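The values are calculated or read from the model by the stated rules, or taken from the named source; none is laboratory data. Just so it is clear, the structure is predicted and the values come from calculations on it, not from any experiment. Cβ placement follows ideal geometry from the backbone for every residue including glycine, while neighbour counts extend to all protein chains displayed.
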Amino acid sequence: MKQDMIVILDLGSTENTTLAREIRDLGVYSEIYPHDITVEELKALPNVKGVILNGGENRVVDGVQVEVSEELYDCGIPMMSVDHPTSKCEKQFSALPNVEDLESFIFDVCKAEANWNMKNFIADQVELLRKQIGDKKVLLALSGGVDSSVVAALLLKAIGDQLVCVHVNHGLMRKDESESVVRVFRDELKANLIYVDAVDRFLGKLENVADPEQKRKIIGGEFIRVFEEEARKLEGIDFLGQGTIYPDIIESGTKTAKVVKSHHNVGGLPEDMNFELVEPLKQLFKDEVRACGLELGLPNNMVFRQPFPGPGLGVRCLGAITRERLECVRESDAILRDEFEKAGLNKTVWQYFTIVPDFKSVGVKNNARCYEYPVIIRAVNTVDAMTATIEHLDWAILAKVTDRILNEVPNVNRVCYDLSPKPTATIEWE
Ligand code: XMP
């Protein structure tokens, strides 16, 4: 293993994640563990150079005062205690150790090396994955999202054609998205990729279903069924790859950042399909996942993809989905993305897309009355998706996008811009 590690023990601090980020920013790998870790568990972790006991006010976890075990102090690994009050006024000044103290502990006391980088991370993961998987096979649902794409690229490097990727096209993908998954993974990276065209199946199930929750349930449930059917056709698969990342396994926004059970992104697979999980990104923050993807040679547009909901364009084609309106969403979204890229807005705006409602309005085209759909543009900024503000777009961009949508997308005669922040609106319309 190439990288040194500083372990943070959670003694009730709200700042574990921030501290881990700070240490990684100094070039040293860091992970958070619960306060009741045993000496054996600590010693089993690779290359631990130091331990930081990160306490909040009075070292309280879930209402109970906690301490680490006595033996931990005598186990020969350098320790640093950080106790910081959590009262509002003091927190701003003394939430974390200052950088000089941190550096002096990490580099002078622990003698850790600043060897945390993506090259070393990848080399270590490749070694670990080969050890874990041996000559067995891994199945991976490859949606084309950032996390699943990076997991696929990493597994491909580690185990080559022992990786079996399944891409389900549910018909609700953005323009050229499924094609690009096939192009990058099958054609360029030579991955073992099963492409499932489930467009008719999904759109059939969704026919005449207008309720947003019902739509989401059908899409999610059907996805698991299709994936399961594909999995059952395969033989000798022992592992399931997952794009779990660090924020999924640390409880964010709660009093403690203790490690909780892994989220199962695919989830819902029947009990008799007994896969062991492979989650090589589970210690990475989102920006580190992107850096890893770039290092593995994935294209920029895959690595810096904006967030996209699981139910895809299905929640942007409002009410009961029709193929006609779905094409209005897909084509107008492609135009919006194209113009945002040309204007450099793809680098600054958090999420942007179009919505097509299930009603028409009167307009005029070629000197004749027409009765067609409106397209709504949404562009928002947010830190955590819990609240969001709208992007103050230039009129020139809005006018350009409007002009192109009206000229290039059939069955559309009107374009609107959504000015609503979250709350009261959500980011998606359904
Ligand atoms: P809302 O609409 O709740 O969306 O303000 C917040 C963020 O979450 C995304 N979103 C989803 N992401 N599966 C996902 O992975 C989903 O079912 C889902 N629904 C919403 C949404 O695009 C926005 O970024």
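Where in the range 89-161 are there helices (runs of 4 or more DSSP H), lying fully within it, with 1 or more residues that are surrounded by fewer than 13 Cβ atoms within 10 Å (Cβ to Cβ) and modelled with pLDDT under 95?
Details: elements: 99-103, 118-133, 146-159.
Filter on the range 89-161 gives 99-103.
Just wondering, is there one or more residues in the range 170-179 that are surrounded by fewer than 17 Cβ atoms within 10 Å (Cβ to Cβ) and more than 16 Å from the ligand (Cβ to nearest atom)? Yes; the residues of the range 170-179 include at least one that is surrounded by fewer than 17 Cβ atoms within 10 Å (Cβ to Cβ) and more than 16 Å from the ligand (Cβ to nearest atom).
Out of curiosity, is Thr354 of a type in the set (Val, Ile, Thr) and surrounded by fewer than 13 Cβ atoms within 10 Å (Cβ to Cβ)? Give the steps one after another, and end with the answer.
Working: of a type in the set (Val, Ile, Thr): yes; surrounded by fewer than 13 Cβ atoms within 10 Å (Cβ to Cβ): no.
Taking the combined requirement at face value, the residue does not satisfy it.
Okay, residues lined up against (1) touching a helix residue (DSSP H, G or I) at 6+ places or on another chain (Cβ under 6 Å); (2) buried (at least 20 other Cβ atoms within 10 Å of the Cβ); (3) of a type in the set (D, E, K, R):
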| site | (1), (2), (3) |
| --- | --- |
| Tyr195 | yes, no, no |
| Ala210 | no, no, no |
| Val226 | no, no, no |
| Glu235 | no, no, yes |
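All conditions but one from (1) modelled with pLDDT of 95 or more; (2) in a loop (DSSP other than H, G, I, E, B); (3) not aliphatic (A, V, I, L, M) apply to Arg330; the one that does not is (2).
Set side by side, the residues Ile397, Ile335, Ile390 differ, and just one is within 16 Å of the ligand (Cβ to nearest atom) and either in contact with a helix residue (DSSP H, G or I) (Cβ under 9 Å, 6 or more places away or on another chain) or closer than 20 Å to Thr426 by Cα (or both), which is Ile390.
Summed over the range 299-314, residues that are crowded, with 22+ Cβ neighbours inside 10 Å and either away from the ligand (no atom under 16 Å from the Cβ) or of a type in the set (A, V, I, L, M, F, W, C) (or both) total 1.
Within the range 366-378, restricting attention to residues that are part of a strand (DSSP E or B) and more than 18 Å from Ala334 (Cα to Cα), the residue that is nearest to the ligand (Cβ to nearest atom) is Glu372.
Any residue that is of a type in the set (S, T, N, Q), more than 12 Å from the ligand (Cβ to nearest atom) and free of Cβ contacts under 8 Å to residues at least 24 places away in the same chain - is there at least one of those in the range 351-365? No, the range 351-365 contains no residue that is of a type in the set (S, T, N, Q), more than 12 Å from the ligand (Cβ to nearest atom) and free of Cβ contacts under 8 Å to residues at least 24 places away in the same chain.
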